[in-house]
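What follows is a single structure, written as structure tokens, with notes after it.
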Amino acid sequence: MMARLPYPDPSSVWGVMHQLPQELHPMNIARMLSYASTTVTPFYRFSEALLDQLELDPKLRLLAMLRVAQSTEAHDAWRQLMALAQVVGVSDEQLSSLQQGRGAGEHFTAKEQVALAFVDEVLQTPRVSNALFEQMWRLFTSREMVELLFVVGLTWMAGRVMTAFDLEPDSALRTRPLEMSHQQESEDFM
């Protein structure tokens, strides 16, 4: 497979790419996004914040990201997110259920089921139902609800860059920040 839009010449986007961490330079999504040079660094910083710096539980973040990747057929995003999901405790049963398009049932807590239902409605309708919004309001803080919406939006956008331009698969995303934040949360709990 070859990307539908040719990747930019590395010498023409060096000024943009050198601002990003070295491990992102070979990633096809970073290379493609470098066409929009003024947005690459803010996009990366926003992505990093959504992975490492939210109040929303890391496991809920990854469940939401996986649901978006599955729903939007962003197969490479799904594959990249699987390694991160396992770091934060997403089980094999949960991964299997999500891969099959399910988000309810015994493998998910009530809070996870409501979050996944929220993701589904956000992807399918312009307005979340009042009943679901009330469930969200009972289980999540205002900040967590906004953060979850950001997670859905960014994951959708990244997935669409991958699918609209038929980007070739990349290696898995780095897991270190999530491992560190997950370890810190475990230590804080003890």
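Points to keep in mind about this one:
- Of the candidates LEU84, LEU63, the single residue that is modelled with pLDDT of 95 or more, more than 20 Å from PHE165 (Cβ to Cβ), buried (at least 20 other Cβ atoms within 10 Å of the Cβ) and not charged (D, E, K, R) is LEU63.
- Checking each residue in segment 108-157 for being touching a residue at least 60 places away in the same chain (Cβ under 8 Å) and either at positive phi or among the basic types (Lys, Arg) (or both) picks out only ARG143.
- The set of residues in segment 4-14 that are of a type outside the set (A, V, I, L, M, F, W, C), surrounded by 11 or more Cβ atoms within 10 Å (Cβ to Cβ) and farther than 17 Å from LEU167 by Cβ contains only SER12.
- If you go through segment 1-43 and keep only what is over 26 Å from PHE150 (Cα atoms) and among the β-branched types (Val, Ile, Thr), you end up with just VAL13.
- Flag if ALA117 is over 26 Å from ASN28 (Cα atoms) and modelled with pLDDT of 90 or more: yes
- Per this entry, VAL90 is not counted among residues that are modelled with pLDDT of 90 or more, among the β-branched types (Val, Ile, Thr) and either under 11 Å from the mean Cα position of the chain (by Cα) or loosely packed, with under 15 Cβ neighbours inside 10 Å (or both).
- Positions within segment 76-91 being part of a helix (DSSP H, G or I) and either of a type in the set (A, V, I, L, M, F, W, C) or free of Cβ contacts under 8 Å to residues at least 12 places away in the same chain (or both), in sequence order: ALA77, TRP78, LEU81, MET82, ALA83, LEU84, ALA85, GLN86, VAL87
- Residue count for segment 111-151, restricted to those that are exposed (fewer than 11 other Cβ atoms within 10 Å of the Cβ) and either in a loop (DSSP other than H, G, I, E, B) or among the aliphatic types (A, V, I, L, M) (or both): 4
- Subset of segment 142-190 [at pLDDT below 60 and of a type in the set (S, T, N, Q)]: THR175, SER181, GLN183, GLN184, SER186
The values are calculated or read from the model by the stated rules, or taken from the named source; none is laboratory data. Remember, it's a predicted structure, so these values are computed and weren't measured experimentally. Because the Cβ atoms are built from the backbone with ideal geometry, glycine has one as well, and the counts that use them run over all protein chains shown.
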